[in-house]
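A.B. asks: Attaching a single structure in structure tokens format; questions to follow.
The values are calculated or read from the model by the stated rules, or taken from the named source; none is laboratory data. Since the model is a prediction, treat every value here as computed from it, not as a measurement. Note that we place each Cβ from the backbone using ideal geometry, even for glycine, and neighbour counts take in every protein chain shown. Heads up: the accessible areas ignore ligands, DNA and RNA and are worked out on the full protein's heavy atoms, side chains in. Shrake-Rupley method; radii C 1.70, N 1.55, O 1.52, S 1.80 Å.
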Amino acid sequence: QLQLVESGGDLVQSGGSLRLSCAASGFSLEEYAIGWFRQAPGKRREGVSSINSDGSTYYLDVVEGRFTISRDNAKNTVYLQLNSLKPEDTGVYYCAAGRGSGYVWHLLQWYDFWGQGTQVTVSS
């Protein structure tokens, strides 16, 4: 069974840091592009970052320089390091996996399956 499990979400003060993990089971993460998305209450889910199977990385402009995506193939896990957090970063963070043609890193519909999400709350 192909599965993604996110963890690492928490309540943190503005300016703080978190590291989110996306652990895969049933498949090898390095063969897929992995995306991180977030959804704030009342808002649409948006792409935050993605790492392709070739190691290329992509970021939403408002998080570039603050967030870093990385992949540990030995642990079959993708991480998202969140630094200098702001209240507007609050939301449920999801990871998703996909492969094949037509990769558009921030396009929700391109990804094949999703994790259940982890809550990030940044207080001001």
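A.B. asks: Using +1 on the beta carbon of Lys and Arg, -1 on that of Asp and Glu, and nothing else charged, what's the dipole of segment 49-89 about the Cα centre, debye to 20? Intermediate results must be reported in sequence, preceding the final value.
C.D. replies: On the way: 4 positive and 6 negative charges, 35 e Å.
In total the dipole reaches around 160 debye.
A.B. asks: If I compute solvent accessible area with a 1.4 Å probe over the protein chains, what percent of it on segment 22-124 is carbon and sulfur? Write out the running numbers ahead of the final one.
C.D. replies: Numbers: 2270 of 4950 Å².
Percent of accessible area from carbon and sulfur atoms in segment 22-124: 46.
A.B. asks: Residue 68 versus residue 84, label points 7 Å from Cα toward the beta carbon: distance in nm?
C.D. replies: Result: 1.3 nm between the two label points.
A.B. asks: Show the residues, 5+ positions off or on another chain, whose built amide H is closer than 5 Å to the amide H of residue 67.
C.D. replies: Amide H to amide H, under 5 Å and 5 or more residues apart or across chains, residue 67 pairs with 83.
A.B. asks: Between residue 57 and residue 14, what is the label-to-label distance in nm when each label sits 7 Å out along the Cα-to-Cβ direction?
C.D. replies: Using points 7 Å along Cα→Cβ, the separation is 2.6 nm.
A.B. asks: Pop out the Kirkwood hydrodynamic radius of segment 62-124 from its pairwise C-alpha distances, inverse of mean 1/r, in Å to one decimal. Please report the intermediate quantities before stating the final value.
C.D. replies: Values: mean 1/r = 0.0740 Å⁻¹.
After inverting the pairwise mean of 1/r, the radius is 13.5 Å.
A.B. asks: In sequence order, what are the phi-derived ³J(HN,Hα) couplings for segment 67-83 according to the Karplus relation 6.51 cos²θ - 1.76 cosθ + 1.60 with θ = phi - 60°, rounded to whole Hz, with x for glycine and proline?
C.D. replies: Here the 3J(HN,Hα) series is 10, 9, 9, 8, 9, 10, 5, 5, 9, 6, 9, 10, 10, 10, 8, 10, 10 Hz.
A.B. asks: I want to verify a result. In a Gaussian network model of the chain, Cα cutoff 10 Å, which of these has the top mean-square fluctuation: 91, 15, 47?
C.D. replies: Highest fluctuation of the listed residues: 15.
A.B. asks: When ligands, DNA and RNA are left out and all protein chains stay put, how many square angstrom of accessible area per residue does the chain have with a 1.4 Å probe?
C.D. replies: Values: 6240 Å² over 124 residues.
So the chain comes to 50 Å² accessible per residue, rounded to a whole number.
A.B. asks: When the convex hull of the C-alpha atoms of the chain is computed, what volume per residue in Å³ does it have? It would help to have the intermediate numbers written out before the result.
C.D. replies: Values: hull volume 11.8 nm³, N = 124.
Cα convex hull per residue, to the nearest whole number: 95 Å³.
A.B. asks: Please list, in chain and number order, the residues 5+ apart from residue 53 or on another chain whose amide H is under 5 Å from its amide H, with Hs placed from the backbone.
C.D. replies: 33
A.B. asks: Quote the charge dipole size of the chain about the Cα centre in Debye, to the nearest 20; the model charges only the Cβ of Lys and Arg (+1) and of Asp and Glu (-1). Before the final figure, lay out the partial values.
C.D. replies: On the way: 10 positive and 12 negative charges, 43 e Å.
So the magnitude is around 200 debye.
A.B. asks: Go through segment 87-103 residue by residue and turn each phi into a ³J(HN,Hα) via Karplus (6.51, -1.76, 1.60, θ = phi - 60°); whole Hz please, and just put x for glycine and proline.
C.D. replies: Each residue of segment 87-103 in turn: x, 6, 7, 4, x, 8, 9, 10, 10, 9, 10, x, 7, x, 7, x, 4 Hz.
A.B. asks: Give me a comma-separated list of calculated 3J(HN,Hα) values for segment 31-45, in order, Karplus coefficients 6.51, -1.76, 1.60 applied at θ = phi - 60°, integers in Hz, x for any Gly or Pro.
C.D. replies: Per-residue couplings from phi come out as 8, 10, 7, 10, x, 10, 10, 9, 9, 8, x, x, 10, 6, 5 Hz.
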